[in-house]
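Here's the structure we're looking at; comments come further down.
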Amino acid sequence: MKLLVGYASTQGQTRKIARHVADLLADRGHAAELMALEEAEGLEMARFDRAVLAASVHIGHYQASLVNFAETERAWLNAHPVLFLSVSLAAAGHDAEEWRALDGIAADMAEATGWTPSQVVHVAGAYAPSRYDVFTRFTLRRIIAAKDPEADLSKDKEYTDWAALDAAVAAWLAA
Ligand SMILES: Cc1cc2nc3c(=O)[nH]c(=O)nc-3n(C[C@H](O)[C@H](O)[C@H](O)COP(=O)(O)O)c2cc1C
């Protein structure tokens, strides 16, 4: 199968997740094309059988490149099996309210773009103070301190569960 793995990433964790998924697909004998969605303008979607799209949540929204791509390609996306990986820090915890908010963020994106993903998987992202500006570092420190009291707030920390991601992608491929 020929698959597009398109991603939008601000600090780099979603790019890492998308690369991991593209490698997994290739290991399983598929042809996977990895691409930043900001570079996807004019992409010939008819070349692909399926797609995995990934984007991360920043202050309740996905990146503009995901939203623009979804709006432009919604006819293809709605007509094909597409796995949407929604990356966030809320997905690293078990707070029911935060999980409801994640569903709302994905639903808002669907309403705004006209693309309703056939499957959404929420993936835990990363805390990356080494990549933040001063204001973002201050804000995220407070969030992580509340969410993960064990964390060393001066160090980057990855919350992505790679085995769970592999299982979700494998199940989607088999479906
Ligand atoms: C400025 C900023 C705002 C964020 N806002 C949210 C948010 O509203 N909800 C959430 O669950 N995670 C939020 N996060 C966490 C990111 O989704 C997480 O760090 C993710 O790994 C970022 O992916 P990226 O490295 O691909 O950009 C935020 C992170 C930053 C830096």
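Applying the selection to segment 146-173, what residues are of a type outside the set (D, E, K, R) and at pLDDT below 95? Correct list: Ala146, Pro149. Restricting attention to segment 1-10, the residues being open to solvent by 40 Å² or more (accessible area, probe 1.4 Å) and either assigned to a strand (DSSP E or B) or away from the ligand (no atom under 11 Å from the Cβ) (or both) number 2. Within segment 11-34, count every residue that is aliphatic (A, V, I, L, M), within 16 Å of the ligand (Cβ to nearest atom) and open to solvent by 30 Å² or more (accessible area, probe 1.4 Å). Counting residues in segment 11-34 that are aliphatic (A, V, I, L, M), within 16 Å of the ligand (Cβ to nearest atom) and open to solvent by 30 Å² or more (accessible area, probe 1.4 Å) gives 1.
Beta carbons closer than 7 Å, at least 6 apart along the sequence or on distinct chains, pair a first residue in segment 95-110 that is open to solvent by 60 Å² or more (accessible area, probe 1.4 Å) with a second that is within 11 Å of the ligand (Cβ to nearest atom) for Glu98/Ala90; Trp99/Ala90.
Within segment 121-139, if we keep just the residues that are surrounded by fewer than 18 Cβ atoms within 10 Å (Cβ to Cβ) and closer than 18 Å to Gly60 by Cβ, the residue that is farthest from the chain's Cα centre (by Cα) turns out to be Phe135.
Residues of segment 54-75 that are assigned to a helix (DSSP H, G or I), open to solvent by 30 Å² or more (accessible area, probe 1.4 Å) and more than 16 Å from the ligand (Cβ to nearest atom): Asn68, Glu71, Thr72, Arg74, Ala75.
The values are calculated or read from the model by the stated rules, or taken from the named source; none is laboratory data. This one's a predicted model, so the numbers in the text were calculated from it and none came from an experiment. Note that each Cβ is placed from the backbone with ideal geometry, even for glycine, and that neighbours are counted across all protein chains shown. Side chains included, ligands, DNA and RNA excluded: accessible areas come from the protein's heavy atoms. Shrake-Rupley method; radii C 1.70, N 1.55, O 1.52, S 1.80 Å.
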